[in-house]
1. Length gain on complete extension for the stretch residue 13 to residue 119, per 0.36 nm per residue less the alpha carbon to alpha carbon distance?
2. Residue-wise, which Karplus ³J(HN,Hα) couplings in Hz belong to the range 141-158, taking 6.51 cos²θ - 1.76 cosθ + 1.60, θ = phi - 60°, and x for glycine or proline?
3. Going highest first, how would you order 49-55, 107-113, 306-312, 156-162 by mean Cβ packing within 10 Å?
4. Could you tell me the calculated FRET efficiency between residue 39 and residue 111, based on Cβ-Cβ distance and R0 = 45 angstrom, to the nearest 0.05?
5. Determine the gain in length on full extension of the stretch residue 188-residue 59; use 0.36 nm per residue of separation and subtract their C-alpha separation, reporting nm with one decimal.
6. Whose amide H sits under 5 Å from the amide H of residue 201, counting only residues 5 or more places off or on another chain, with H placed in the peptide plane?
7. What is the calculated FRET efficiency for residue 288 to residue 83, with r their C-beta to C-beta distance and R₀ = 30 Å, to the nearest 0.05?
Amino acid sequence: MENAADSTEPGTLPNDAPVAIVTGGSAGVGRAIAAAFAQRGFRVALLARGQAGLDGAREDVERLGGEPLAIMTDVANPKQVDAAARHVADRWGRIDVWVNAAMETVVGPVDTISAEEFKRVTEVTYLGYVHGTLAALRHMRPRGAGTIIQIGSALAYRAIPLQSAYCASKFAIRGFTDSLRTELIHDHSPIRLTMVQLPGVNTPQFDWSHMHFAHRHQPIGACYEPEAVAQAVVNIALSSHIPRELWLGFPTLQAIAGAIAAPGFTDRYLARHSYEQQISDDPVLPGDPDELLGPASEDHGARGRFSARAKHELIAIDPFHLRSGALLAGLGLLAGAFLFGRSRGGVQARALRRPNGARAVPTPRG
């Protein structure tokens with residue numbers, strides 16, 4: 001698939017307005033980040049597969065005072081990503097900020113996930129970040145300026161059951177980013193690079209996950225509205241000092257501390273609790289969106305279906321200030337409350353266990 005024609009509106013911003021590219025900008029966290037940049041007077045390029053979501057995101061950016069450029073792009077295809085970056089640079093002269101936020105996931109035990117499903121999640125959720133980062137570097141290195149922001153997850157430090165493909169991709173992004181950071185330091189490059197580790201966020205992702213169960217996906221315990229995440233991301237993009245990483249939300253701090261200080265304990269806790277907590281009471285219905293099968297045909301916006309429980313404020317922690325190993329160890333003891341807290345789900349046991357308590361075979365979709 002080649003890049004579709006872009007969708008944009010006549011610009012009203014000054015020629016020196018800053019330029020941001022957001023992958024996964026049609027929905028969820030990426031959509032909220034694009035809107036937050038628009039509120040700060042950015043020109044915002046939106047890269048995603050779904051035309052309906054891109055159209056909605058473009059309208060958001062314009063309404064909030066930004067200048068939009070929507071480009072249908074599959075980030076798994078490096079040629080499409082490169083073409084989109086060139087188009088943005090040709091139109092607006094430069095790329096100041098690149099945010100990688102595109103993702104896909106599949107939910108199920110490891111041995112129920114096909115090789116093709118692992119491949120697709122990896123191509124989007126990991127290699128999509130690689131393709132975006134390489135494209136950004138090609139335009140930022142000649143200028144000697146630019147900021148690259150990787151949208152990560154607490155799952156980049158602490159993997160959980162049923163999301164092996166997604167967790168592996170997030171771990172890979174962290175390793176890739178750390179390696180690149182050392183190279184930029186070696187080269188005395190002024191390009192700024194950071195990774196923002198997120199807690200559970202109320203996005204449409206949970207309705208689009210490719211499920212190997214008969215019920216929909218849900219976040220474990222506490223989750224946050226995407227706008228809270230977006231404000232933190234834009235704040236660091238605009239700050240004079242960019243942290244090596246930024247950890248958002250106390251659940252993220254708990255997860256990472258637990259992974260560092262008490263990995264065996266967290267293994268056992270996750271085995272006992274987080275399996276069922278990820279599956280909601282809501283059944284998967286025929287015709288529901290499935291990101292592995294293609295982009296959503298409708299615009300689903302930034303928020304998901306968990307607004308009744310989602311929080312609007314979160315803490316932002318620069319882990320540089322957590323230099324004390326004793327502090328991390330103490331936080332690790334909080335793993336008893338564990339990572340993301342207790343779920344508010346209902347009949348997960350019905351979906352995942354037989355009446356006698358034996359594990360049920362996951363119900364395939366499609």
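1. Details: separation 106, 0.36 × 106 = 38.16 nm, distance 4.08 nm.
Result: 34.1 nm gained on full extension.
2. 4, x, 7, x, 6, x, 10, 10, 10, 9, 7, x, 7, 4, 6, 6, 10, 9
3. 156-162, 49-55, 107-113, 306-312
4. Details: r = 46 Å, r/R0 = 1.01.
That gives a FRET efficiency of 0.50.
5. Numbers: separation 129, 0.36 × 129 = 46.44 nm, distance 3.93 nm.
Roughly 42.5 nm would be gained on extension.
6. Hits under the 5 Å cutoff: 224.
7. FRET efficiency, residue 288 to residue 83: 0.45.
Coordinate-derived values only; no laboratory data. For clarity, every value in this text was computed on a predicted model and none was experimentally measured. With ideal geometry, Cβ positions are generated from the backbone for all residues, glycine too; neighbour counts draw on all protein chains shown.
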